[in-house]
1. Quick one: which residue in P93, P166 is more than 25 Å from D53 (Cα to Cα) and touching a Cys at 6+ places or on another chain (Cβ under 6 Å)?
2. What about K126, is it touching a helix residue (DSSP H, G or I) at 6+ places or on another chain (Cβ under 9 Å) and either without any contact (Cβ under 8 Å) to a residue 24 or more places away in the chain or not aliphatic (A, V, I, L, M) (or both)?
3. I'd like to check something: does segment 3-16 contain any residue that is aromatic (F, W, Y) and surrounded by fewer than 18 Cβ atoms within 10 Å (Cβ to Cβ)?
4. Considering only segment 140-170, state which residues are under 25 Å from L37 (Cβ atoms) and in contact (Cβ under 8 Å) with a residue 24 or more places away in the chain.
5. Within segment 132-139, does at least one residue satisfy the condition of being over 29 Å from A32 (Cβ atoms) and part of a strand (DSSP E or B)?
6. Filter segment 58-67 down to residues that are assigned to a helix (DSSP H, G or I) and surrounded by 12 or more Cβ atoms within 10 Å (Cβ to Cβ), then give me how many there are.
7. Name the residue that is modelled with the lowest pLDDT, counting only residues in segment 17-43 that are open to solvent by 40 Å² or more (accessible area, probe 1.4 Å) and not charged (D, E, K, R).
8. Given the conditions (1) open to solvent by 50 Å² or more (accessible area, probe 1.4 Å); (2) over 26 Å from I96 (Cβ atoms), report the number of the one that V167 does not fulfil.
Amino acid sequence: MEENQNIQFPEDLLKEVNRIINQFPEGKQKSALIRVLHLAQAHFGYLSVTAMDYVARLLHIQPIEVYEVATFYSMYDTQPVGKVKLEVCRTGPCMIEGAEKIVSYIENKLGIKDGETTSDGLFTLKTVECLGACGYAPMLQAGEKFHEHLTEAKVDELIEMYRNKPVANYMGLENNG
């Protein structure tokens, strides 16, 4: 799939980006980067190089400054993902409570590995750093929803639920990518 090199936000989203940028002092527009990346990912579906370059132009910063942030945080996707992204915590407390077993179960159930998307484009499995719910391990996030104390039976229920009604994109924005 060839990327559109002339991508841009629709007028209403561009107004929101400008509102966010204007919350910071002149010359400090880079401070809006994380929020603008969230908007770009929600709108375009993922952060392609073209999308990241567009964000850099909007913020008047170097593209590398955008790439560094987008590739550092696991909340950003630099490759296309499925309609439902199952993000399983892989840090210590979750691993002690069985996250590795849950990841393996999801891989076998969906026929994909960590970082892959099902052939129907519905599910992507992604292991991520701490999601801040250590007391409820193992856990995963799908969209803005946390699912805690996971078992194989709970995973089966979640997959069936999301198969029938895919989760809303981050921040409720529609993916137009």
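1. Selected residue: P93, the only one of P93, P166 that is more than 25 Å from D53 (Cα to Cα) and touching a Cys at 6+ places or on another chain (Cβ under 6 Å).
2. no
3. If we filter segment 3-16 for residues that are aromatic (F, W, Y), which is where we start, we get 9.
Going one step further and asking which of them are surrounded by fewer than 18 Cβ atoms within 10 Å (Cβ to Cβ), we end up with none.
No, every residue in segment 3-16 fails to be aromatic (F, W, Y) and surrounded by fewer than 18 Cβ atoms within 10 Å (Cβ to Cβ).
4. L140, Q141, A142, G143, E144, Y162, P166, V167, A168, N169, Y170
5. No, there is no match, as no residue in segment 132-139 is over 29 Å from A32 (Cβ atoms) and part of a strand (DSSP E or B).
6. Looking only at that region, the number is 6.
7. Within segment 17-43, the first condition is being open to solvent by 40 Å² or more (accessible area, probe 1.4 Å), and the residues that meet it are 18-19, 22-28, 30-31, 34-35.
When the remaining residues are screened for being not charged (D, E, K, R), the result is 18, 22-25, 27, 31, 34.
Values: N18: 95, N22: 95, Q23: 96, F24: 95, P25: 93, G27: 90, S31: 96, I34: 97.
By that ranking, first place goes to G27.
8. Just one mismatch for V167, condition (1).
The values are calculated or read from the model by the stated rules, or taken from the named source; none is laboratory data. What you see is a predicted model; the values in this text were computed from it and never measured. When we count neighbours, we look across all protein chains shown, and the Cβ atoms used for this are built from the backbone with ideal geometry, even at glycine. Ligands, DNA and RNA are excluded from the accessible area calculation, which covers all protein heavy atoms including side chains. Shrake-Rupley method; radii C 1.70, N 1.55, O 1.52, S 1.80 Å.
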